[in-house]
Structures are given as structure tokens and as C-alpha cells.
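These notes concern the structure reproduced below.
Read-outs throughout are calculated quantities, based only on the coordinates presented, and are distinct from any laboratory measurement. Note that the structure is a prediction, hence the values are computed from the model and not measured. No Cβ is skipped: glycine too gets one built from the backbone with ideal geometry, and neighbour counts run over all protein chains shown.
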Amino acid sequence: MFNRQISKTRRHSRSKVLEVRVLSPRIAWLGFLKCMGRIAKFACALLAVLGIGWGLWLGIQRAFYKNPDFQLKVIDLNPNSVIQESGLAEIVGIDPPPSLFAIDMAVLVDKLKVMPGIADAHAERHLPGTLVVRIVTRTPRAWISSSNGKLPAERQIGGLLVDHVGFAYLCPPLQFETAKNLPVIQLPTSEKFPVCAGQCLGHPELIHCFRLLDAAMEVDPDSVHWIDSLKQENAWSLLLVTRQGTTSTFGLGDHERQIHRLRLAMDHSNQKGYVINTINLIPKYNIPITLRSEVLAPRTVLARKLSPQESQKNSRTQEPQSSPIRN
């Protein structure tokens, strides 16, 4: 029993000695050196990869970005009424001329699309040194005027234009010449349908005025030259004012007939030298008109050559009076 206890004590002391040897400074130092060796190998491998990557980057820079053969030399821009090559060059930046590969095409297209009057844009590189840009411009249909007083005056650079889909945008300088004679559509102030640039206008009044403009263009393609302004007067009628100051009342439908009657009355007044002040085109018969005292000079800008059918109809029209007439 005594011997057995002694043997247990000896074994216990030996285990303690073994533990001390394992945790000795020499073993710890060797383990540290081994770990540092692994880290050094990993660092060398990482530096080798970074060196290869840096070399490749320098090679790409010299082969593409800094290669004079790939510098921007030509800007190929389709003819448009919004931006010219000089304006596009200012956006791209050509001092000094950049490499084609240094131009971010997505950023360039985004900058073009936010410009007033541009509906869509596309850009691509044509090696070795040509930047090709294609722009789709908005076609203005009318000027927009509102009673809120926050819009710029119509028919000027920076005034509010609306295209054929109802998108409103500020008139760019290059588009003013083609848009300056377009009619003005007057829209009321509405919190539900705000009038501002950069969005489609949801005014029901705008849709009604567009329909009247469509009918006017169908009957007379030159109607944009004698229509000054349009607006919806109430729930059942529209007002069209000519450039002579004639105020015409239209219904919300049957526009072709009404435009045709207005055109005949205007031609007759130009031939006879009197000025129509107001005319209500909603009735089919006995159209009421009022006259102004001023007298027109012969062959004004509104006069046009009538077709034989219109001349025959016009010859049967009585001289307008201040009271309702029969057409």
C-alpha cells in the first residue's frame, strides 16, 4: 500500500516536469520563428501578386490610356436642336484631349439625358480616336403658361415647352428659333396637377387643347402660324385666340368642323377687310360673331388661297354682322 502511494507521487512529479519542458522559452521561440516564417512566405507571395498586378496596370495605362493613338480626336454628333459639338466637348473635357478609354460612357449619357430637350442619348467608342454620340431631341408642340406666377414668361429661352407626349421642359437656346412661333397653352394652377419642368403634365385641360391643335393641323397645316393661344374656359368649351386677336369658342369635340368654319370666316374677313372680334363655333348654324372697328390692310398674313370647294362655300356665306349669322 505504501509502495503504491509512492509510485503515484513519482508519476505526478514527472508529469509536472514534462509540462515545464513543453512551456519552456526555447520551445516558444521556435514556435514564434515558425509562425513568422509562414507570415513571411505569405507576404512574399502577396507582394509578388501585387507586383504582377501593378505591372499589368502600368502596361494597360501605357497601351490604352496613355497611348496617343487612342486620344480623342473626333466628336461625331448627329445634327440636333439642343446641343452642338462645342457643348458636348465641354461636357467631355478636351483640355488636354482624354483617351477614349478614360471617358465614362454611362456618366456621359446620364449628363446628356438630364439636359432640357433631350429625350434619349447613346454614346460609344470608335477606335482609334472617335467618340460617337447620338441624341434624340424632344419635339416641342406648344408653350405652357400658368397663372401661378412661378413659370418664366413664355416664348423665350428658358420658357416652358411641352412635347407631343406632354413632357414639359425648359426651352434650350438652340431650339428657340424653331419654337418661337408655337401657340401658348394656358393651364390653371392646380395642386393635383402641378406645372413644372422635367415631368409629364397630367392636366386634363392640356389633353383637350392638344386635341384642338391636332384638328387644326389636320384642317390647316399652317395653323401654328395663326393660332396664338388656347385654354379651357369651362367644363364644356375651349377658347382659341388668333394672332389677330380673334377669340374663338370651341366645344370639347367636333373640332374639325369648327376649325373649318373658323378658317372660312377668317379668309372671308381678310378678303373683305374687317376684323372678327369674337366667334362662337359650337352652334352648327347661325354662328354668332362680333366685329371690331379696325380695318385690315388687304392681303394680310392670314390670307391664303382657297380651294375651289372652299371658294364655292365661301361665296354662299353672308357678310358677317354683329348679330348671329347663318353659314
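Find out how many positive minus negative residues lie around Gly166, taking Lys and Arg as positive, Asp and Glu as negative, among other residues whose Cβ is under 14 Å from that of Gly166.
0
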For region 35-50, Karplus couplings with θ = phi - 60° (6.51, -1.76, 1.60), whole Hz, Gly/Pro x: 5, 5, x, 5, 5, 5, 4, 5, 5, 4, 5, 5, 5, 5, 5, 5
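Find out how many positive minus negative residues lie around Leu100, taking Lys and Arg as positive, Asp and Glu as negative, among other residues whose Cβ is under 13 Å from that of Leu100.
Working: positive: Lys66, Lys73, Arg125; negative: Asp69, Asp76, Asp104, Glu124.
Residues close to Leu100 contribute a combined charge of -1.
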Pairwise Cα inverse-distance average, inverted: Kirkwood Rh of region 68-137 (Å): 12.1 Å
Dmax and Rg, reported as Rg then Dmax, of region 140-315 (C-alpha, Å): 16.7, 50
Simple spin-label estimate for Ala153 and Arg292 in nanometres, 7 Å along Cα-Cβ: 2.0 nm
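Longer than 32 Å from Cα to Cα, which of Lys73/Lys180; Lys73/Lys113; Lys192/Lys284; Lys41/Lys66; Lys111/Lys192 are they? Say none if no pair is. Don't skip to the end; give the middle numbers.
Working: Lys73/Lys180 36 Å; Lys73/Lys113 24 Å; Lys192/Lys284 35 Å; Lys41/Lys66 35 Å; Lys111/Lys192 30 Å.
Beyond 32 Å between Cα atoms: Lys73/Lys180; Lys192/Lys284; Lys41/Lys66.
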Orientation-averaged projected area, Cα convex hull of region 224-290 (nm²): 4.4 nm²
Proxy reagent accessibility, fewest Cβ within 10 Å first, across Lys111, Lys192, Lys272: Lys192, Lys272, Lys111
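Taking R0 as 56 Å, what FRET efficiency do you get between Val74 and Arg257 from their Cβ-Cβ distance, rounded to the nearest 0.05? Intermediate results must be reported in sequence, preceding the final value.
Values: r = 55 Å, r/R0 = 0.98.
E between Val74 and Arg257, to the nearest 0.05, is 0.55.
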Residue order, fewest to most surrounding Cβ atoms within 10 angstrom, among Lys231, Lys180: Lys180, Lys231
Vicinal HN-Hα couplings computed from phi for region 192-208 (Karplus, 6.51 cos²θ - 1.76 cosθ + 1.60; Hz; Gly/Pro x): 6, 10, x, 10, 8, 6, x, 8, 6, 7, x, 5, x, 4, 5, 5, 5
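Rounded to the nearest 0.05, what FRET efficiency is calculated for Ile94 and Arg243 with R0 set to 45 Å and r the Cβ-Cβ distance? Each step should come with its number before you reach the end.
On the way: r = 45 Å, r/R0 = 0.99.
Approximately 0.50, to the nearest 0.05.
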Highest to lowest packing among 42-49, 217-224, scored as the average C-beta count within 10 Å: 217-224, 42-49
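Using a Förster distance of 22 angstrom, determine the FRET efficiency expected from the C-beta separation of Asp228 and Lys180, and round it to 0.05.
On the way: r = 12 Å, r/R0 = 0.57.
The calculated FRET efficiency here is 0.95.
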